[in-house]
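The values are calculated or read from the model by the stated rules, or taken from the named source; none is laboratory data. The structure presented is a predicted model; accordingly, all values stated were derived computationally and were not measured. Using ideal geometry, Cβ is built from the backbone for each residue, glycine included, and neighbour counts are taken over all protein chains shown. Surface areas here come from the heavy atoms of the whole protein model, side chains and all, with no ligands, DNA or RNA. Shrake-Rupley method; radii C 1.70, N 1.55, O 1.52, S 1.80 Å.
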Amino acid sequence: MSEPMQDVVVVGAGIVGAAIAHELSRNELAVTLLDREAEAGFGTSKANSGIIHGGHHTDTDTLKGRLEWVGNQLWDPLCDELGFGFARVGELTVALTEADLPALDHLIENAEEKDIGGVEVWSRDRICAAEPQVTRGVIAGVFSPHTAVVNPYEAVFGLVEAAVANNVRLRTLSPVTDLHHDGDTWTVTTPSATFATRFVVNAAGLGAAAIAHMAGVDGFEIRGRKGEEYLLDKRLRHLVRRVIYPCPTPLSKGTLVIPTYDGTIMVGPTAEEVDDPDDVTTTTAGESTAFAGARRLVPSLSERDVIAQFAGTRATIRGDDFLIGPTEAPGFVNVAGIQSPGLTAAPAIARYVADLLRHGGLEMPPKPLLNMIERPVHFASLTTEQQRTLADTDERYRRIVCRCEFVTEGEVGDAIERGATTVDGLKFRTRAGMGRCQGGFCATRCIELLSADLGIEMSEVTKRGPGSWLVLDRPDDEVMIEPEAP
Ligand SMILES: Cc1cc2nc3c(=O)[nH]c(=O)nc-3n(C[C@H](O)[C@H](O)[C@H](O)COP(=O)(O)OP(=O)(O)OC[C@H]3O[C@@H](n4cnc5c(N)ncnc54)[C@H](O)[C@@H]3O)c2cc1C
């Protein structure tokens, strides 16, 4: 099928592609957002630490260092607009030995160079008073009030929903298989449709080198750097109140202890170079590394409290910086190598890319009026009175689907209306299945509701897209059920 002429096709609906599509949707443009997965955000953007970094961890001589702080500042208005889980909890980077102290000095220098206020050195006593679970072996630390935690998948869904509400065309299950340039038009081929467009933005994460190669643009290779994360039972809520960082190494920021937006404690990530970018296995070795690192910061942490684990893969390129810019192929823009802090920087990357397109000749008349999306209801966060009122007006809010996270049938129905087509899509939008029992109680009900609302057989419902069916319709069917979280 051939689709109408587009101004921009964005390949990849992770946080970066979604933010770009959302930014472009503010203008009178024809934009299509393509992803090979069943839903947006199912790549690296669903499997990370969910931290909006404070900006002082990266130097100013890299693009990622410059975009991190700008991105950090853009998250509040996005959250106001889209209503995803986001909280500025602050952070403490702690020094455990004298040898760590220069790293703290470096963080302060970065903050001064970027004019980031409020970043200050804390004494051991101040740290122990503010975070009593942090090791008594701490000797000093650097505090920043700017660091935040976010539900990254909710942010992707919100960005995409708002973009679609403003005429961006989203096509999932659409892997780009070929790119061809003729005159001033690109032809973007997927198995189900071809798209003619003036500009192509390559935001394909781990697939970015393959997309660039299709466009005839070579010169970089993507290497996968896997990170494992471990989520602990909610009874440990408030074990720490700020994100606790060790002093960083050249390879990574180290293993962190993270109070997530939803009230769990997360331990991770690890950093391991992998040959297979699709390798998102968690391992005993990874767990040992993560907990050994985290226990140096917070000694009371225990593997016994783990309720879920997952891994994501950072898309790194040589030089460890972001690779964003126009290429020798006219109208083809690379947004590649978006490793950490890509989540933090995503809104700034989106503006940067919009500027590149403008300078590349794309006219962007702003829309006089934007369509706003309604914020999703999170029943568990409402007051008892608000819950009663909602339950009185819509009986679906009287029926609890997920007991661990107190998710109602009304929220599940709303998530399906907003675009969830898989069990993971429901989980990431509503938290159904993210609690202590990890879907043991609610998975069947979610499958039934997806089947009923989408008008498909239960055997056609998948966990995260084709091949991940959950219900047998023949005894010899292959079923894939993997523990995965969050
Ligand atoms: C363990 C871990 C922890 C991290 N923690 C943080 C953190 O706390 N803070 C932070 O700022 N950053 C963090 N990051 C980095 C952050 O997650 C990434 O920078 C960010 O998610 C990258 O987003 P993206 O949109 O570029 O990639 P992705 O989310 O991977 O999106 C790329 C999309 O392209 C699609 N795609 C690929 N090939 C094709 C094709 N041929 N056709 C169509 N679609 C295609 C994929 O399906 C995917 O959805 C972390 C990363 C990891 C792995």
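Could you please find all residues in region 317-363 being part of a loop (DSSP other than H, G, I, E, B) and among the small types (G, A, S)? Matches in region 317-363: G319, A329, G331, G337, S340, G360, G361. Of note, E81 does not satisfy the criterion of being within 15 Å of the ligand (Cβ to nearest atom) and not hydrophobic (A, V, I, L, M, F, W, C). Tallying residues that are more than 20 Å from E68 (Cα to Cα), near the ligand (Cβ under 9 Å from one of its atoms) and of a type in the set (A, V, I, L, M) within region 306-364 yields 1. Can you tell me which residues in region 368-407 are assigned to a strand (DSSP E or B) and within 24 Å of the chain's Cα centre (by Cα)? Those that are assigned to a strand (DSSP E or B) and within 24 Å of the chain's Cα centre (by Cα): C402, V407.
When residues in region 104-113 are screened for being touching a residue at least 40 places away in the same chain (Cβ under 8 Å) and either acidic (D, E) or open to solvent by 30 Å² or more (accessible area, probe 1.4 Å) (or both), 2 of them pass. Taking region 217-271 as the range and being away from the ligand (no atom under 11 Å from the Cβ), among the β-branched types (V, I, T) and farther than 24 Å from A95 by Cβ as the test, the residues that pass are V217, T264. Scanning region 22-39 for residues that are among the hydrophobic types (A, V, I, L, M, F, W, C) and either open to solvent by 10 Å² or more (accessible area, probe 1.4 Å) or more than 11 Å from the ligand (Cβ to nearest atom) (or both) returns L24, L29, A30, V31, A38. When A99, A129 are checked against the criterion of being at pLDDT below 95, hydrophobic (A, V, I, L, M, F, W, C) and open to solvent by 30 Å² or more (accessible area, probe 1.4 Å), A99 stands alone in meeting it. Among the residues of region 182-210, those identified as open to solvent by less than 30 Å² (accessible area, probe 1.4 Å) and either within 12 Å of the ligand (Cβ to nearest atom) or among the β-branched types (V, I, T) (or both) are V188, T190, F195, T197, V200, V201, N202, A203, A204, G207, A208, A209. Filtered by the rule that a residue be in a loop (DSSP other than H, G, I, E, B) and either open to solvent by 10 Å² or more (accessible area, probe 1.4 Å) or away from the ligand (no atom under 14 Å from the Cβ) (or both), region 48-78 gives N48, S49, H53, H57, T58, D59, T60, D61, T62. Would you confirm, using the coordinates I've provided, whether T249 is surrounded by fewer than 18 Cβ atoms within 10 Å (Cβ to Cβ), part of a loop (DSSP other than H, G, I, E, B) and modelled with pLDDT of 95 or more? So T249 does not fit the description; no. So for region 149-171 (the condition being part of a strand (DSSP E or B) and under 30 Å from I108 (Cα atoms)), does at least one residue qualify? Within region 149-171, one or more residues are part of a strand (DSSP E or B) and under 30 Å from I108 (Cα atoms).
With respect to T60, is the statement that it is of a type in the set (S, T, Y) and outside the structural domain of I15 (by TED's automatic domain parsing) true? Considered against the rule, which asks whether it is of a type in the set (S, T, Y) and outside the structural domain of I15 (by TED's automatic domain parsing), T60 comes out as no.
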